[in-house]
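Student: Could you have a look at this structure, given as structure tokens, before my questions?
Readers should treat all values here as calculations from the given coordinates under stated rules, not as data from a laboratory. Everything numeric here is computed off the predicted structure, so don't read it as measured data. Methodologically, a virtual Cβ is constructed for each residue, glycine included, from the backbone with ideal geometry; neighbour enumeration extends over all protein chains shown.
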Amino acid sequence: MALERLLAPRSIAVVGASERMSIGRTIIDSLATLGFPGAIYPVHPRHETVLGHPCYASLDDVPGDVDLAALCLGYERLMPEVEKAAAKGVGAMVIFSGGFAEAGEDGVAAQARLIDICRQNDIALCGPNCMGVMSVHKKSHAYMMDVFEPKALAGNVGLISQSGSISIGLLTDTRRFGFSHVISSGNEAVTTTAAYMEYLIDDPATEIIAIFAESINEPARFVAALDRASAASKPVVVLKAGKSERAAAAIQTHTGGMAGESRVLSAVLRAHRAIEVNDLEEMTEVLAALQGDYWPKGDRIAIVTGSGGHAELLLDAATEADLNVPPLDQATRQAIESEIGSLTGDGNPADAWGQGDFAANFTVALREIGASGEFDAIVLSLDANDGQAVDYADQDEAINGVLRTARADHDLPLYLMSTRHGVHKTAQIHAMRDEGIPSLGGMKQALGAITRVARWAGSPTALLSTPGDDGGERPDWASRVSVHEFDAKRLLAAAGLPTVGERLVDDLPGALQAASDVGYPVVLKAVGDAIPHRSEHGLIELRLADADDVAGAWSRLQDRLAAIPETPQPVQFVVQAMAASGIEVIAGIARDPAFGLVMAVGPGGVLAELFDDVAMCCLPPRDGDIDAMLSRGRLAQMLAGFRGSGPADVAALRDALIALAGFATAHADAIEGIDINPLLVYPEGQGCLVVDALIVPRSDD
């Protein structure tokens, strides 16, 4: 389904057109403001003309072909017009009205009928339950808001938002960036975010894609579009709602979508080189930071300011957000201080106010920092705002001159930053925008935006080479309901994971011999594919010190098994060496219904129950994914050493996780999930050990 007839139409029919204040009037007025060159066909049964255009009683009466029909009607009057549009060969429609999948069973049925009509007739549908579409460079408009300043609106950001109000909010300030297309996708009954992305990737006017998503429809197509955007060097900035339970529930009633597991989506976005943001302020600053002539290739940020207080706050903000603001090297610091006097702290941020000749001092600081080769981006921090009652006379033009000089001196990314979000001087923004220098706002937001852009602009990461065979035929174990601990660990050991010593036994004499062989103390466990969760039945006995302990534990396990109604068969027993204490890690593989296999790693044992603190990455992992998972959150703190303990063997844990990823990738079609808990990590140089594991095969239905 081609989207040209929706996003670059040659003719637009406005069904429900009127000269009163209405969506229909807004569309026709805005088409005139934008200078739409194509045919405009108002449709209304009671009007002969609308705003100077001949009006037609019905879509059937429109004399020419119609690329796009904007249906400005209430829910109860829509379906007959949809059928007329299909019969006429209309190529695209916008349905603004709600009342479909988000509104209960009747709405779901109506949306199904709508989907059927559109697919049978190859109609690109925006909506329903949306604000519509606007293609600024194509001078096309089928959107619920009036256009007043087309020149200010035009830019390089293609916006796709499932929420109409989010698109409204982002359109309220076009001082720092404008839009190529604005797409309020609503319920995405037919045309999804992924389909819009494909169009925007191929659109020369779109250099950046911004997405507000409530649910990800067509996930495989979405991922493929992310990869295409990366290959085309078009950043995709994504804000996903539904991270809290209440927000996820609200999505169901808003667009009828499913929110999904936010951590899995975050892993997908990282793996496929999108820029994820957490709120609208972060999104706005990232979009602004991407407007520069140069993008940073690394995350080392230098800041020049005229305030010691600001320097202190900037350091606090950078430290809290884990941003890279390294000290000035000695040579650069000496070069600056030789001209403007002493710098405070470690020189970054560089408080370059000196004796008040800020223009001269800032010029020196920017010149020397830019020439140092020690930084990837430079920020000049200086507050200015529209309508100030108090200001330095002629400061704006002086600062503009400083920045122009710095731009001419070097090709490092250069930014003008206000310390508070949303505080800017419009004339200065425009002057700097002409020089390729973005204006940013908010300490954390601005510095965070530069860092996000830097991480995107760095070289795309390659898939990590993981051990394992190429899969081949479906393995025999894949037909089991689950693969119990003993067999699971044998499979994982063959893949390269270190496992605890143990024996599989069928009777008490065998258990006693196995305990003697592996060495006391031991653990005795019942195992069976039909009893994957044994703790609830008391089927694990720990710290058995001698033969009498083993015999007693054997008797207790037999009694507990007998107490289980219809005891699952077959049941065997494992005698396992009692592993020495170490840092307990939970590691697993899970199949996300949308995005496939992901790896999750976090604190294990009791901490796994107390804290939902797992990091995730997609499989197969990319270079750096596993290191990143081990460097965040409570697990990173535990591995680094705490309460006087030394660092853990992170290298051994990393190798084990690579082996786990390799096994899962090699058998991706056969695995629903893998659970390792605990994986014990010992002090540096002493390795790690898989103590318990379970594999859940994927049904081949």
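Student: What share of the DSSP beta bridges in the chain is antiparallel, in percent to the nearest 5?
Tutor: For the chain, the DSSP antiparallel bridge percentage is about 50.
Student: Neighbouring Cβ atoms within 10 Å as the yardstick, rank Lys425, Lys297 fewest first.
Tutor: Final ranking by Cβ density, sparse to dense: Lys297, Lys425.
Student: Roughly what angle does helix 395-409 make with the longest principal axis of the chain, taking Cα atoms, 0 to 90 degrees, to the nearest 10?
Tutor: The angle comes out near 60 degrees.
Student: A further question follows. Tell me the label-point distance for the pair Asp146, Gln330, using the 7 Å Cα-to-Cβ offset, in nm and rounded to one decimal.
Tutor: Taking the simple label geometry, Asp146 and Gln330 are separated by 6.6 nm.
Student: Using Cβ contacts closer than 10 Å as the measure, can you line up Thr192, Thr344, Thr405 from fewest to most?
Tutor: Taking fewest neighbouring Cβ atoms as first place, the list is Thr344, Thr405, Thr192.
Student: Please give the helix 485-494 orientation as an angle from the longest Cα principal axis of the chain, in degrees from 0 to 90, rounded to the nearest 10.
Tutor: So the helix axis and the longest Cα principal axis differ by about 70 degrees.
Student: Follow-up question, since we're still on this one. Using the Cα centre of the range 501-577 as the reference point, and only Cβ charges (+1 on K/R, -1 on D/E), how large is the resulting charge dipole? Debye, rounded to the nearest 20.
Tutor: Dipole of the range 501-577, to the nearest 20 debye: 160 debye.
Student: Among 683-696, 552-565, how do they line up from the highest to the lowest mean number of other beta-carbon atoms within 10 Å?
Tutor: 683-696, 552-565
Student: For Rg and Dmax of the Cα atoms in Å, the listed values are (1) 24.1, 73; (2) 28.4, 98; (3) 31.2, 100; which was obtained by calculation from the structure presented?
Tutor: Correct label is (3).
Student: Further question on the same structure: Can you compute the charge dipole magnitude of the range 551-701 about its Cα centre, using +1 on each Lys and Arg Cβ and -1 on each Asp and Glu Cβ, nothing else charged? Give it in debye, rounded to the nearest 20.
Tutor: The calculation lands at about 380 debye.
Student: At a threshold of 8 angstrom on Cα-Cα distance, excluding pairs fewer than six apart, so keeping six or more, what relative contact order does the chain reach in percent?
Tutor: 9
Student: So which of Lys234/Lys297; Lys151/Lys297; Lys138/Lys234; Lys84/Lys139 end up more than 24 Å apart by C-alpha?
Tutor: Among Lys234/Lys297; Lys151/Lys297; Lys138/Lys234; Lys84/Lys139, the Cα-Cα distance tops 24 Å for Lys151/Lys297; Lys84/Lys139.
Student: Now, a different point. Could you point to the residue in Asn121, Gly155, Ala69 farthest towards the positive end of the range 4-278's charge dipole, with +1 and -1 charges on the Cβ of Lys/Arg and Asp/Glu respectively?
Tutor: Gly155
Student: Using the Cα centre as the reference, give the magnitude of the dipole from point charges on the C-beta atoms of the range 4-278 (Lys, Arg: +1; Asp, Glu: -1; all else neutral), rounded to the nearest 20 debye.
Tutor: Here the size comes out at about 680 debye.
Student: Let me ask something else. When the helix-only estimate is applied to the chain (DSSP H runs of n ≥ 4, each -39,500 (n - 2.57), divided by the residue count), what is the mean residue ellipticity at 222 nm, nearest 500 deg cm²/dmol?
Tutor: Result for the chain: -11000 deg cm²/dmol, rounded to the nearest 500.
Student: Using Cβ counts within 10 Å as a stand-in for footprinting exposure, how do Met417, Met578 rank, fewest first?
Tutor: Fewest-to-most Cβ neighbours within 10 Å comes out as Met578, Met417.
Student: Suppose R0 equals 60 Å; then what is the FRET efficiency for Ala220 and Glu397 from their Cβ-Cβ distance, rounded to the nearest 0.05?
Tutor: 0.70
Student: What lysines does Lys489 reach when the alpha-carbon gap must be under 29 Å and sequence neighbours fewer than 8 apart in one chain are set aside?
Tutor: Lys525
Student: Name the long-range amide H neighbours of Tyr41: under 5 Å, sequence gap of 5 or more, or other chain; modelled H, no Pro or chain starts.
Tutor: Here Ile12, Ala13, Val14 satisfy the definition.
Student: If you don't mind, another one. How much of the DSSP beta bridge set in the range 4-278 is antiparallel, as a percent to the nearest 5?
Tutor: Among the beta bridges of the range 4-278, antiparallel pairing accounts for roughly 20 percent.
Student: Now for a different question. In whole angstrom, note down how far apart the Cα centers of the range 1-66 and the range 636-692 are.
Tutor: 62
Student: With no solvent and one equal point scatterer placed on each C-alpha of the range 1-152, evaluate the Debye formula and give log10 I(q)/I(0) for q = 0.17, 0.19, 0.20 Å⁻¹, two decimals.
Tutor: One equal scatterer on each Cα of the range 1-152 leads to -0.91, -1.14, -1.26.
Student: Mind listing the phi-derived Karplus ³J(HN,Hα) values for the range 289-305, rounded to whole Hz, using 6.51, -1.76 and 1.60 with θ = phi - 60°, and x for any glycine or proline?
Tutor: 4, 6, 7, x, 5, 10, 10, x, 9, x, 9, 7, 10, 9, 10, 10, 9
Student: Once you have the Cα-Cα distance between Ala231 and Glu312, take 0.36 nm times their residue separation minus that, and quote the gain in nm to one decimal.
Tutor: Separation in residues times 0.36 nm, less the Cα-Cα distance, equals 25.2 nm.
Student: Label-point separation (nm) for Ser338 and Thr174, each offset 7 Å from Cα along Cα-to-Cβ?
Tutor: Simple spin-label model gives 5.0 nm for this pair.
Student: If you take the beta carbon distance between Arg698 and Arg263 as r and set R0 to 25 Å, what does 1/(1 + (r/R0)^6) give as a FRET efficiency, to the nearest 0.05?
Tutor: The pair Arg698/Arg263 has a calculated efficiency of 0.75.
Student: Hey, another quick one. Quickly rank 536-545, 508-517 as a protection proxy: mean count of other C-beta atoms within 10 Å, highest first.
Tutor: Ranked from most to least packed, the peptides come out as 508-517, 536-545.
Student: Hey, which lysines would be in cross-link range of Lys240, C-alpha to C-alpha under 16 Å, not counting anything within fewer than 8 residues on its own chain?
Tutor: The qualifying lysines are none; the list is empty.
Student: I've got another one for you. Determine Rg/Rh for the range 4-278; Rg is computed over alpha-carbon atoms and Rh is the Kirkwood hydrodynamic estimate from the same atoms.
Tutor: 0.96
Student: Given a Förster distance of 41 angstrom, what is the FRET efficiency for Ala427 paired with Asn278, based on the Cβ-Cβ distance and rounded to 0.05?
Tutor: Between Ala427 and Asn278 the formula returns 0.85.
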